[in-house]
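The values are calculated or read from the model by the stated rules, or taken from the named source; none is laboratory data. Please read these numbers as outputs of a predicted model, since none were measured by experiment. No Cβ is skipped: glycine too gets one built from the backbone with ideal geometry, and neighbour counts run over all protein chains shown.
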Amino acid sequence: MKTKVLTRVTMMVALMIVSGVLTIPLPGLPVPIVLQNMMMMLAGGLLGKKYGPLAVSVFLLMVAVGFPVLSGGRGGIAIFASASGGFLLGYVLAPLVIGYLLEKNWEKLTFPKAVLIFILGGTLLIDFCGSFSMAYYMGNSWLNGLKMTLAFVPLDTVKAILAAWITLRLKKRYSLISFKLA
């Protein structure tokens, strides 16, 4: 792996960790509102379909080992079997989907199209995956789990819009993003 790629992956993991400081608990839900899912979206936007999921996997390996890097200072393998477990699966899938869709549409990418990619591949995918574990953990049907995750969608959509803007801004201004890093 080239030094440039390793540096970018490491910086993204650091951003994922730092973003865990912000946690907003929601009454009646076992999963808080977090900034970390925006970092997972940015991993796909800034690192692409190959290295975005790698950065998230490194982050989740740290969680599994027990480092308290999730929002609220949580860590440990038990997190994967909690109400957060499905969201963590979505964390790995989001950069893969976002990176793939951005790569396929990069030449004709407009801001509205980028926002749509981040909402579909980030907000909706992460929350959809999370609905399964939230429903199971709370002893509800999956449909109720899906309804519960709707509480996250408005703010997660704002995060997706911001992630799309940051991605396009960095590409335009600094040419930092390349989907062919290796």
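Please verify whether region 78-97 includes one or more residues that are touching a residue at least 24 places away in the same chain (Cβ under 8 Å) and over 25 Å from PRO154 (Cβ atoms).
No, region 78-97 has no match at all.
Yes/no per residue for (1) touching a helix residue (DSSP H, G or I) at 6+ places or on another chain (Cβ under 6 Å); (2) under 21 Å from GLY48 (Cα atoms); (3) not polar (S, T, N, Q):
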site	(1), (2), (3)
GLU107	no, yes, yes
THR110	no, yes, no
THR123	yes, yes, no
TYR136	no, no, yes
LEU146	yes, no, yes
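Those residues that are assigned to a helix (DSSP H, G or I) and touching a strand residue (DSSP E or B) at 6+ places or on another chain (Cβ under 9 Å), I need them from region 18-29; list them, please.
Selection gives SER19, GLY20.
Restrict the check to region 97-105 and report whether at least one residue is more than 30 Å from GLY28 (Cα to Cα) and hydroxyl-bearing (Ser, Thr, Tyr).
yes
Out of all the residues in region 135-154, which are without any contact (Cβ under 8 Å) to a residue 60 or more places away in the chain, in a helix (DSSP H, G or I) and surrounded by fewer than 17 Cβ atoms within 10 Å (Cβ to Cβ)?
TRP142, LEU143, ASN144, LYS147, VAL153, PRO154
Inside region 101-134, can you point out the residues that are among the hydroxyl-bearing types (Ser, Thr, Tyr) and assigned to a helix (DSSP H, G or I)?
THR123, SER131, SER133
Report whether or not ALA55 is crowded, with 21+ Cβ neighbours inside 10 Å, assigned to a helix (DSSP H, G or I) and not polar (S, T, N, Q).
It is true that ALA55 is crowded, with 21+ Cβ neighbours inside 10 Å, assigned to a helix (DSSP H, G or I) and not polar (S, T, N, Q).
Name the residues in region 33-42 that are under 30 Å from GLY139 (Cα atoms) and either free of Cβ contacts under 8 Å to residues at least 24 places away in the same chain or part of a helix (DSSP H, G or I) (or both), would you?
GLN36, ASN37, MET38, MET39, MET40, MET41 - these are the residues of region 33-42 that are under 30 Å from GLY139 (Cα atoms) and either free of Cβ contacts under 8 Å to residues at least 24 places away in the same chain or part of a helix (DSSP H, G or I) (or both).
How many residues, within region 14-52, are among the β-branched types (Val, Ile, Thr) and surrounded by 19 or more Cβ atoms within 10 Å (Cβ to Cβ)?
Selection size over region 14-52: 2.
When the residues of region 155-182 are narrowed to those that are over 19 Å from ALA94 (Cα atoms) and in a helix (DSSP H, G or I), which ends up modelled with the lowest pLDDT?
If we take residues in region 155-182 being over 19 Å from ALA94 (Cα atoms) and in a helix (DSSP H, G or I), then TYR174 is modelled with the lowest pLDDT.
Rundown of residues vs (1) among the aliphatic types (A, V, I, L, M); (2) within 12 Å of the chain's Cα centre (by Cα); (3) within 19 Å of MET12 (Cα to Cα); (4) assigned to a strand (DSSP E or B), yes/no style:
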position	(1), (2), (3), (4)
VAL31	yes, no, no, no
GLY44	no, yes, yes, no
LEU61	yes, no, yes, no
ALA78	yes, no, no, no
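Kindly provide the set of residues from region 75-134 that are under 13 Å from MET40 (Cα atoms), surrounded by fewer than 24 Cβ atoms within 10 Å (Cβ to Cβ) and touching a Lys or Arg at 6+ places or on another chain (Cβ under 6 Å), ordered by number.
LEU96
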